[in-house]
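Before any comments, here is the structure.
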Amino acid sequence: MPVLRKYLLLILSVLPCVVIADVSRFLEPISVHPKTFGQGVVISQKTSAAISPASLYKPNSFDYLPKDNSPNHLVLSREMLEAKLGELLGYRYQASGKVIAYVTRQWKPIRLSGNFILKIRDCMPDQLCSSTFVRFAIWDNGASIGEFAEPIRVSHFLNCYYTKNLSSRGSKLVGQSLTERPVDVLKQHAGAVPSGSDLKGYELGVNLRENSVLKWSHLTKVALVKKGEIVDVFASGNGIYISMKGMALENGVEGGVVKVRNLSSEKEFQAKVLNEKSVKVQL
């Protein structure tokens, strides 16, 4: 018995220490040593349980369009849009020369394939002028990209006549007295005379300095029939053709109507000017 009691006392004295030691293992902080990777980059193994979310990707409105750098794909930049609009405006209004469009607002480039189509819906005002509002639509590979409305400025460049020398009122303009250069006929040179225009039957109505742009407003039609002149009168109608002499009672330009007096009967009538000293009457 005494021996058994000794063993019991020994076990009871050791057991609390074991329990305390075992519990203290969970109460003491765990020492975790950081690990080093690469060039001094330290990553601690004590990390927060809150993990920052990945950045949310917000696609823009054109992200469904091609993104590769294939030669079959392009970017509809401001410059390309202006070139397309200028070309289409020139075709819409059958304009000779070169039409240039300038987009006046910021344009966001669009990625497109090489098969895109741009079509003008309408213009306000619907004529070729220096400032207009254009509505247009874009398709790419048969799919509608969208409709757009942009205010634009427009220039229309044509080769027009300039005077080589000082030109006086009443003078007739011939090729030797004129040169040509491109001008914008929608702005400060509106009404300029395009090169190649037939100036036969015109004369200057004003004095012009050297290197002045020639405008239609500077020209007047030459009087082919003058007051007091004897003219040839041709009359036709109902299978009848008559020619006679008459006196012009007023000046007249080509295509104009003048009053003429019959030299035989003294009767006065209206006649259309055909050319120099010739008029026509419709019976």
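What about residue 98, is it under 28 Å from residue 196 (Cα atoms), of a type outside the set (Gly, Ala, Ser) and in contact with a helix residue (DSSP H, G or I) (Cβ under 9 Å, 6 or more places away or on another chain)?
The answer is yes for residue 98.
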Next on the checklist: Suppose we keep only residues that are touching a strand residue (DSSP E or B) at 6+ places or on another chain (Cβ under 8 Å) and in a loop (DSSP other than H, G, I, E, B) within the range 113-127. Which one would you say is farthest from residue 145 (Cα to Cα)?
Outcome noted: 125
Item to check | Selected residue (only one of 213, 222, 174, 193 is loosely packed, with under 14 Cβ neighbours inside 10 Å and within 30 Å of residue 276 (Cβ to Cβ)) | outcome: 174
Checklist entry - Any residue at all in the range 93-112 that is modelled with pLDDT of 90 or more and more than 18 Å from the chain's Cα centre (by Cα)? => result yes
Checklist entry - Considering 185, 134, 213, which residue is in contact with a strand residue (DSSP E or B) (Cβ under 9 Å, 6 or more places away or on another chain) and assigned by TED's automatic domain parsing to the domain that holds residue 82? => result 134
Checklist entry - Pick from 229, 147: which is of a type in the set (Asp, Glu), farther than 30 Å from residue 281 by Cβ and modelled with pLDDT of 90 or more? => result 147
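Could you list, in sequence order, all residues of the range 188-210 that are in contact (Cβ under 8 Å) with a residue 40 or more places away in the chain and under 16 Å from residue 157 (Cα atoms)? Outline the logic, then answer.
Of all residues in the range 188-210, those in contact (Cβ under 8 Å) with a residue 40 or more places away in the chain come to 194, 201, 207-210.
Hit for the range 188-210 is 194, nothing else.
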Item to check | Subset of the range 262-277 [surrounded by 14 or more Cβ atoms within 10 Å (Cβ to Cβ), at pLDDT 90 or above and touching a Leu at 6+ places or on another chain (Cβ under 8 Å)] | outcome: 273
Next on the checklist: Name the single residue that is farthest from residue 252 (Cα to Cα) among those in the range 211-232 being touching a residue at least 40 places away in the same chain (Cβ under 8 Å) and not aliphatic (A, V, I, L, M).
Outcome noted: 211
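The values are calculated or read from the model by the stated rules, or taken from the named source; none is laboratory data. All values derive from a computational prediction rather than experimental measurement. Positions of Cβ are generated from backbone atoms using ideal geometry, with glycine treated the same way; all protein chains shown enter the neighbour counts.
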